[in-house]
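Just dropping this structure here.
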Amino acid sequence: MIQAHDNSSTLIKEIIAFSLLALLFLALALQQILFEFLIGFNEEQWYKGTATITQSYVVDKVKKGQGPLANRTTHSYQVYANYQYRSQGTTYESNRISNFGRYIIAKNRSEAYQAIQTFLKPGKSIKVNISKKPPVRSYLFREKLPNSDFRLEIGLFLIAVLAAFAVIKTTKQLKQLKRKEKHAKPVHKQISI
């Protein structure tokens, strides 16, 4: 009986730790989503200005496969840019490319460098969306579909939802285990001398 109690206690501690981690992910994801959609990118809170690209570059994110796909490597080409703009007499710097993130994803290396040559070449002037309050927030391109940073928040949200289901299922199993322990008949052994 002591062994079962120790296992139950350990399981409860693991459930609580996992639940707190899942709630943290959920809170971070919801905070970002709410800010982006409800507060940060309301069309009436932005005006157009002109920015100058100061730096742009491509990051080749390499992901190696695991398990049966261990010999497979995939590439993700992320285009980043830094730019300066003026608002109300003050010069600001930013690196937020779209309303959803700090980089855009290209299908391949060629497309990534083409984006830089076409839109994000250092020294090039480009339209920028500047927030009215405070003016330190900006982005270059408005996207209708979620991009990189937004996908991360959705991923975290899904992890939190899956964790919640796991916690519920584990809690039910724990209750069933306790019921079985409660109704189990003790086993008596006769000792012969």
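Across segment 121-132, what is the number of residues that are surrounded by 14 or more Cβ atoms within 10 Å (Cβ to Cβ) and not in a loop (DSSP other than H, G, I, E, B)? Spell out how you get there, then give the answer.
Just the residues of segment 121-132 that are surrounded by 14 or more Cβ atoms within 10 Å (Cβ to Cβ), to begin with: 122, 124, 126, 128-131.
Now restrict to residues that are not in a loop (DSSP other than H, G, I, E, B): 126, 128-131.
Number satisfying all stated conditions: 5.
Another question, if that's okay. Name the residues in segment 134-181 that are closer than 24 Å to residue 52 by Cα, modelled with pLDDT of 70 or more and crowded, with 16+ Cβ neighbours inside 10 Å, would you?
Result: 137, 138, 139, 140, 141.
Do we find that residue 86 is out of contact with any Lys or Arg (no Cβ under 8 Å at 6 or more places or on another chain) and of a type outside the set (A, V, I, L, M, F, W, C) in this structure?
Answer is yes for this residue.
The values are calculated or read from the model by the stated rules, or taken from the named source; none is laboratory data. Predicted model, so just to flag it, every value in this text is computed and none were measured. Every residue, glycine as well, gets a Cβ built from its backbone with ideal geometry; the counts of neighbours run over all protein chains shown.
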